[in-house]
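Working notes for the structure below.
The values are calculated or read from the model by the stated rules, or taken from the named source; none is laboratory data. Since the model is a prediction, treat every value here as computed from it, not as a measurement. We place every Cβ from the backbone using ideal geometry, glycine too, and count neighbours over all the protein chains shown. When the accessible area is computed, the model is the full protein with side chains, heavy atoms only, and any ligands, DNA or RNA have been set aside. Shrake-Rupley method; radii C 1.70, N 1.55, O 1.52, S 1.80 Å.
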Amino acid sequence: MSRLADYQHSYRFVRFERRDGILEIAIHNNGGPATWSAYPGGLHEELGDAFYQVGRDRENRIVILTGTGDRFLTDMDFSEKDPDMGTPAFWDRITKEGKDLLHNLLDIEVPVIGAVNGPAFIHAELVTLSDIVLAADTAAFADKAHAPGNVVPGDGVHVWWPMLLGPNRGRHFLLTGEEISASEARQLGFVAEVLPADKLRDRAWELAAQLARKPTLMLRNTRVAFVQHLKRRMLDDLGYGLMLEGMGILDLNRKGR
């Protein structure tokens, strides 16, 4: 088992705060909005490991997942280089980290509240996989990291978005980079509440406090029941999708595109 003291200060891009059994996970970059980094030790690696530690800490009774500043995640970080970039060794690492991200998130056996503090254009599946999704009125959802850049959307987005939006809308969403506003997301049913940005965090903590008063095993077993079918889908399709994505990326690198 893990304790907060074991992992609280272990990450460059993940910040934790816990009060009364409620753990807030906030992604960031130097205290500002998070950027997506796939170099060794970047957010791609750290967040999957953080989810693993959070899931092993029995003192966590509710988890809030959020971003920092006015964006959840919109930009890539290329400030550091991976010497293995463009090689099978690079994609072997990315595949392991990609599986850790979603498997370890779904292995957190307490309710998760996603508080989407602004546009989520990269890995929006991470926060929309939450049991309760709240969004700032400035938020929007898209997948800009894959098909818009000629990359196969195979790292779990190919599983989740067709499940969430329906097969046809989900495939359209992934192929076009379509943006869905917070208000439309609520109409579609994958956001529960839309709030002014300055009210979002307080509402997430308010809901978390309400849930935290419930019996521990009720909370844990409810989460397990909710995510069982999602875990099965990811187990079946995530690794295969990652390998298809990797093949496409290696081909792009070979052709210099």
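Working carefully through the options 96, 81, find the one that is open to solvent by 30 Å² or more (accessible area, probe 1.4 Å), more than 15 Å from residue 234 (Cβ to Cβ) and over 13 Å from the mean Cα position of the chain (by Cα).
Values: 96 fails: more than 15 Å from residue 234 (Cβ to Cβ).
The match here is 81.
Any residue at all in the stretch 204-216 that is closer than 29 Å to residue 98 by Cβ, modelled with pLDDT of 95 or more and in a loop (DSSP other than H, G, I, E, B)?
Residues of the stretch 204-216 closer than 29 Å to residue 98 by Cβ: 204, 208.
Those still in the list that are modelled with pLDDT of 95 or more too: 204, 208.
If we keep only those that are in a loop (DSSP other than H, G, I, E, B) as well, we get none.
Scanning the stretch 204-216, I find no residue that is closer than 29 Å to residue 98 by Cβ, modelled with pLDDT of 95 or more and in a loop (DSSP other than H, G, I, E, B), so the answer is no.
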Residue that is surrounded by the fewest Cβ atoms within 10 Å (Cβ to Cβ) [pool: residues in the stretch 111-137 that are under 10 Å from residue 72 (Cα atoms) and among the β-branched types (Val, Ile, Thr)]: 122
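Considering only the stretch 7-23, state which residues are farther than 28 Å from residue 89 by Cα and either at pLDDT below 95 or touching a Leu at 6+ places or on another chain (Cβ under 8 Å) (or both). Please lay out each step first, then the result.
The initial filter retains those residues of the stretch 7-23 that are farther than 28 Å from residue 89 by Cα, namely 8-9, 15-23.
Within the stretch 7-23, 16, 17, 18, 23 qualify.
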Cβ-Cβ below 6 Å, separation at least six or inter-chain, first residue in the stretch 120-131 and over 14 Å from residue 47 (Cα atoms), second open to solvent by 10 Å² or more (accessible area, probe 1.4 Å) and assigned to a loop (DSSP other than H, G, I, E, B): which pairs? 121/74; 121/144; 128/190; 131/111
Before we move on, is residue 145 open to solvent by less than 50 Å² (accessible area, probe 1.4 Å) and either part of a loop (DSSP other than H, G, I, E, B) or on the phi > 0 side of the Ramachandran plot (or both)? yes
Looking at the stretch 214-221, is at least one residue surrounded by 15 or more Cβ atoms within 10 Å (Cβ to Cβ), touching a helix residue (DSSP H, G or I) at 6+ places or on another chain (Cβ under 8 Å) and either farther than 16 Å from residue 131 by Cα or of a type in the set (Ser, Thr, Tyr) (or both)? no
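Considering only residues that are β-branched (Val, Ile, Thr) and in contact with a Phe, Trp or Tyr (Cβ under 9 Å, 6 or more places away or on another chain), look in the stretch 158-191 and name the one that is surrounded by the most Cβ atoms within 10 Å (Cβ to Cβ). I'd like the intermediate steps shown before the answer.
Residues of the stretch 158-191 β-branched (Val, Ile, Thr): 159, 176, 180, 191.
Pick out the ones that are also in contact with a Phe, Trp or Tyr (Cβ under 9 Å, 6 or more places away or on another chain) and you get 180, 191.
Working: 180: 20, 191: 23.
If we take residues in the stretch 158-191 being β-branched (Val, Ile, Thr) and in contact with a Phe, Trp or Tyr (Cβ under 9 Å, 6 or more places away or on another chain), then 191 is surrounded by the most Cβ atoms within 10 Å (Cβ to Cβ).
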Test residue 232 against the stated conditions and say whether it is closer than 27 Å to residue 96 by Cβ, in a helix (DSSP H, G or I), under 17 Å from the mean Cα position of the chain (by Cα) and not aliphatic (A, V, I, L, M). no
So, first residue closer than 18 Å to residue 140 by Cβ in the stretch 195-207, second residue at pLDDT 95 or above and in a helix (DSSP H, G or I), Cβ within less than 6 Å, six or more apart or across chains; the pairs are 195/203
Find the residue count for the stretch 27-47, including only residues that are buried (at least 20 other Cβ atoms within 10 Å of the Cβ) and under 13 Å from the mean Cα position of the chain (by Cα). 8
Between a residue in the stretch 34-51 that is at positive phi and any residue that is assigned to a helix (DSSP H, G or I) and crowded, with 20+ Cβ neighbours inside 10 Å, which pairs come within a Cβ distance under 8 Å, given they are 6 or more apart or on different chains? none
Can you run down the residue pairs with Cβ atoms below 7 Å, 6 or more apart or on separate chains, where the first is in the stretch 82-97 and part of a helix (DSSP H, G or I) and the partner is of a type in the set (D, E, K, R) and open to solvent by 30 Å² or more (accessible area, probe 1.4 Å)? 90/84; 97/45
